[in-house]
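Novice: Could you have a look at this structure, given as structure tokens, before my questions?
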Amino acid sequence: MSDKKSQIESILSFAKEKNIEFVDLKFMDFPGQWQHVTIPMPEFDEGSFENGFGFDGSSLRGWKRINESDMLIIPDPSTMFFDPFIKAPTMSLICDVYEPATREKYSRCPRHIATKANEFLKSTGLADTAFYGPEAEFFVFDDVRFEVGSNFSYFEVDSNEGRWNSGRAENPNLGYKTRYKEGYFPVPPTDKLMDLRNEMVQNLINCGIEVEAQHHEVASGGQCEIDMKFKPLLKAADQLLLFKYVVKNTANANNKTVTYMPKPIYGDNGSGMHVHVSLWKGGNPLFAGNGYAGLSEMALYFIGGLLKHAPSLLAFTNPTTNSYKRLVPGYEAPVNLAYSQRNRSASIRIPMYNMSPKAKRVEFRCPDPSANPYLGFAAILMAGIDGIMNRIDPGDPLDKDIYDMSPEELKDVPSTPPSLEAALQALAEDHDYLTRGDVFTKDVIETWINYKMDKEVKPMALRPHPYEYDMYYDC
């Protein structure tokens with residue numbers, strides 16, 4: 001019996017045993033949000049894993065035109081989980097998107113692109129598995145309001161633990177408001193989110209995600225982190241989306257709200273998504289060696305590829321205008337393109353907690369959790385492969401605190417792009433490494449650039465900013 005057939009039989013048995021009433025089919029749109037459609041259980045059977053379910057692709061961001069809008073989603077039986085947030089007993093499955101006429105996977109389906117990246121890695125003979133361990137930071141707020149009009153715009157977020165509320169009348173205000181940049185990590189009662197994070201962790205475990213740790217993060221106002229165990233590329237991307245789904249819904253059930261915006265608060269640290277990567281072959285780690293920080297030659301060349309292609313790579317790993325409000329000096333953000341062991345001021349770090357060869361990995365610190373993980377993880381892999389295949393020298397490591405270096409010392413250290421527009425321009429000029437093996441098609445790259453420019457960069461540039469009134473109203 002094939003693994004797929006066995007998985008399908010197990011799913012149908014689970015549905016019968018748990019009296020499942022609905023099947024929720026989740027899939028990824030082009031920019032990076034989960035979408036879903038729900039099927040009553042009597043309409044779902046073994047044939048659903050071959051025939052799929054139709055939907056209108058023209059209604060989703062970045063996809064089909066209205067004259068060619070019919071599309072299919074087909075569930076992957078390896079992705080089933082019981083959904084704890086839906087009242088009726090419901091199981092969820094992650095789907096791939098297909099062209100109904102050809103029965104081929106849709107070229108703009110992000111999950112398909114991640115699958116192709118993994119297949120390309122195997123085809124090179126360099127490795128057979130790329131492991132990913134993303135650390136997606138997030139903020140938990142108690143209130144959020146925002147609105148934009150032709151003659152006004154504003155946002156306001158609030159947190160019971162925010163330092164800005166140290167003088168608020170709370171009848172009584174008990175103090176213990178997290179100091180700016182000091183949220184990493186005092187015990188309760190300063191850490192007011194301990195119980196909520198534990199509930200998030202329990203829900204994650206119940207959904208099949210292995211959790212390594214949870215803690216408060218650096219910023220005031222509810223910044224948190226929950227660390228998941230590393231997984232192969234596709235599984236890691238699936239898991240990250242489930243992680244965000246569980247964390248958001250657990251917060252919502254507790255009358256709180258979660259955002260993965262990279263920089264929701266001015267004057268404090270933003271939320272990153274440090275991505276740990278390693279390559280393996282035949283069950284053996286390939287990044288351990290006798291080089292710098294215990295790295296292999298392959299790992300150093302992988303770093304060389306990341307550094308060379310970082311400006312264009314960030315168009316996928318840091319894909320919002322808000323991303324570049326995080327990538328600024330002074331907030332522990334990796335704005336300088338360098339590598340180092342232990343040094344968190346470098347954009348690439350080699351963690352030194354564990355000296356086991358199996359723990360040897362590269363930590364790419366630039367990405368943030370607004371990224372579409374299928375596209376971001378695939379792009380990271382393709383940049384690293386290019387580094388290995390072309391033996392790209394990463395140069396000398398930078399084992400000093402970059403933020404304490406003088407302008408003269410920093411003049412030869414390249415920086416991350418200053419804006420999404422600059423990253424998209426870099427992608428337009430440097431994308432051949434992504435199109436190898438037809439992993440990212442030219443259509444995907446062009447559509448990504450055009451979508452981001454038309455829907456995000458240009459609309460942002462056209463609107464007056466409230467701070468401009470502070471600076472310029474009296475001119």
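Novice: For the list (1) in contact with a helix residue (DSSP H, G or I) (Cβ under 8 Å, 6 or more places away or on another chain); (2) at pLDDT 95 or above, I need the number of the one condition that N336 fails.
Specialist: (2)
Novice: For segment 7-20, which residues satisfy the criterion of being surrounded by 11 or more Cβ atoms within 10 Å (Cβ to Cβ) and not aliphatic (A, V, I, L, M)?
Specialist: Q7, E9, S10, F14, K18
Novice: A follow-up question, please. Which residues, counting only those in segment 239-255, are touching a Ser or Thr at 6+ places or on another chain (Cβ under 9 Å) and under 14 Å from G222 (Cα atoms)?
Specialist: Residues satisfying the conditions are K248, A251.
Novice: Can I ask one more? Given the options D401, D368, D412, name the one that is at pLDDT 95 or above and among the acidic types (D, E).
Specialist: Being at pLDDT 95 or above and among the acidic types (D, E) holds for just one of D401, D368, D412, which is D368.
Novice: Collect the residues in segment 88-116 that are among the hydrophobic types (A, V, I, L, M, F, W, C) and more than 22 Å from the chain's Cα centre (by Cα), keeping them in residue-number order.
Specialist: Matches in segment 88-116: A88, M91, A101.
Novice: Within segment 246-274, which residues are assigned to a helix (DSSP H, G or I) and surrounded by fewer than 20 Cβ atoms within 10 Å (Cβ to Cβ)?
Specialist: Hits for segment 246-274 are K248, N249, N252, A253.
Novice: Condition first: polar (S, T, N, Q), open to solvent by 10 Å² or more (accessible area, probe 1.4 Å) and modelled with pLDDT under 95. Now tell me which residues in segment 25-52 satisfy that.
Specialist: Q33, Q35, N51
Novice: Inside segment 197-228, can you point out the residues that are open to solvent by less than 20 Å² (accessible area, probe 1.4 Å) and assigned to a helix (DSSP H, G or I)?
Specialist: Answer for segment 197-228, where residues must be open to solvent by less than 20 Å² (accessible area, probe 1.4 Å) and assigned to a helix (DSSP H, G or I): R197, M200, L204.
Novice: Yes or no: K235 without any contact (Cβ under 8 Å) to a residue 40 or more places away in the chain, open to solvent by 50 Å² or more (accessible area, probe 1.4 Å) and either outside any helix (DSSP H, G or I) or out of contact with any helix residue (DSSP H, G or I) (no Cβ under 7 Å at 6 or more places or on another chain) (or both)?
Specialist: Judged against the criteria, K235 is a match.
Novice: Cβ-Cβ distance below 8 Å, separation of 6 or more or different chains: which pairs start in segment 207-224 with a residue that is charged (D, E, K, R) and end on one that is surrounded by fewer than 19 Cβ atoms within 10 Å (Cβ to Cβ)?
Specialist: Partner pairs satisfying both residue conditions: E210/K229; E212/D227; E212/K229; E217/Y184; E217/F185.
Novice: Among the residues of segment 104-135, which ones are under 21 Å from K281 (Cα atoms), open to solvent by 40 Å² or more (accessible area, probe 1.4 Å) and charged (D, E, K, R)?
Specialist: E119, K122, D128 - these are the residues of segment 104-135 that are under 21 Å from K281 (Cα atoms), open to solvent by 40 Å² or more (accessible area, probe 1.4 Å) and charged (D, E, K, R).
Novice: Report yes if I449 is surrounded by 12 or more Cβ atoms within 10 Å (Cβ to Cβ) and touching a His at 6+ places or on another chain (Cβ under 6 Å), otherwise no.
Specialist: Spelling it out, it is not the case that I449 is surrounded by 12 or more Cβ atoms within 10 Å (Cβ to Cβ) and touching a His at 6+ places or on another chain (Cβ under 6 Å).
Novice: Here is a follow-up. Quick check on segment 329-337. Is at least one of its residues open to solvent by less than 30 Å² (accessible area, probe 1.4 Å), closer than 25 Å to Y266 by Cβ, touching a Gly at 6+ places or on another chain (Cβ under 9 Å) and of a type in the set (S, T, N, Q)?
Specialist: no
Novice: Among (1) surrounded by 14 or more Cβ atoms within 10 Å (Cβ to Cβ); (2) under 30 Å from C109 (Cα atoms), where does V413 come up short?
Specialist: Tallying (1) surrounded by 14 or more Cβ atoms within 10 Å (Cβ to Cβ); (2) under 30 Å from C109 (Cα atoms), V413 fails exactly one: (2).
Novice: Applying the selection to segment 127-183, what residues are within 29 Å of Q239 (Cα to Cα), aliphatic (A, V, I, L, M) and in a strand (DSSP E or B)?
Specialist: Within segment 127-183, A130, A136, V140, V144, V157 qualify.
Novice: Would you tally the residues in segment 141-167 being open to solvent by less than 90 Å² (accessible area, probe 1.4 Å) and either closer than 21 Å to N254 by Cβ or of a type in the set (G, A, S) (or both)?
Specialist: So the count comes out to 15.
Novice: Shifting gears a bit: Taking segment 282-297 as the search range and keeping residues that are closer than 12 Å to P397 by Cβ and outside any helix (DSSP H, G or I), which one is most open to solvent (accessible area, probe 1.4 Å)?
Specialist: Among those that are closer than 12 Å to P397 by Cβ and outside any helix (DSSP H, G or I), it is G291.
Novice: So the check is Cβ under 6 Å with 6+ separation or different chains; which pairs have a first residue in segment 170-188 that's without any contact (Cβ under 8 Å) to a residue 12 or more places away in the chain and a second one that's of a type outside the set (V, I, T)?
Specialist: Once the first residue is without any contact (Cβ under 8 Å) to a residue 12 or more places away in the chain and sits in segment 170-188, its partners that are of a type outside the set (V, I, T) give P188/M194.
Novice: Of the conditions (1) open to solvent by 50 Å² or more (accessible area, probe 1.4 Å); (2) closer than 24 Å to V246 by Cα; (3) of a type in the set (D, E, K, R), K4 satisfies every one except a single condition; which number is it?
Specialist: If we test K4 against (1) open to solvent by 50 Å² or more (accessible area, probe 1.4 Å); (2) closer than 24 Å to V246 by Cα; (3) of a type in the set (D, E, K, R), just (2) comes out false.
Novice: A follow-up question, please. Here are some conditions: (1) open to solvent by 20 Å² or more (accessible area, probe 1.4 Å); (2) touching a helix residue (DSSP H, G or I) at 6+ places or on another chain (Cβ under 9 Å); (3) closer than 23 Å to E446 by Cβ; (4) not β-branched (V, I, T). D96 meets all but one. Which one does it not meet?
Specialist: (1)
Novice: Ok, one more. Out of S323, S296, S345, which single residue is within 24 Å of K452 (Cβ to Cβ) and either modelled with pLDDT of 95 or more or in contact with a Lys or Arg (Cβ under 9 Å, 6 or more places away or on another chain) (or both)?
Specialist: Sole residue among the options that is within 24 Å of K452 (Cβ to Cβ) and either modelled with pLDDT of 95 or more or in contact with a Lys or Arg (Cβ under 9 Å, 6 or more places away or on another chain) (or both): S323.
The values are calculated or read from the model by the stated rules, or taken from the named source; none is laboratory data. As the structure is a computational prediction, the values presented were derived from the model and not from experiment. When we count neighbours, we look across all protein chains shown, and the Cβ atoms used for this are built from the backbone with ideal geometry, even at glycine. Heads up: the accessible areas ignore ligands, DNA and RNA and are worked out on the full protein's heavy atoms, side chains in. Shrake-Rupley method; radii C 1.70, N 1.55, O 1.52, S 1.80 Å.
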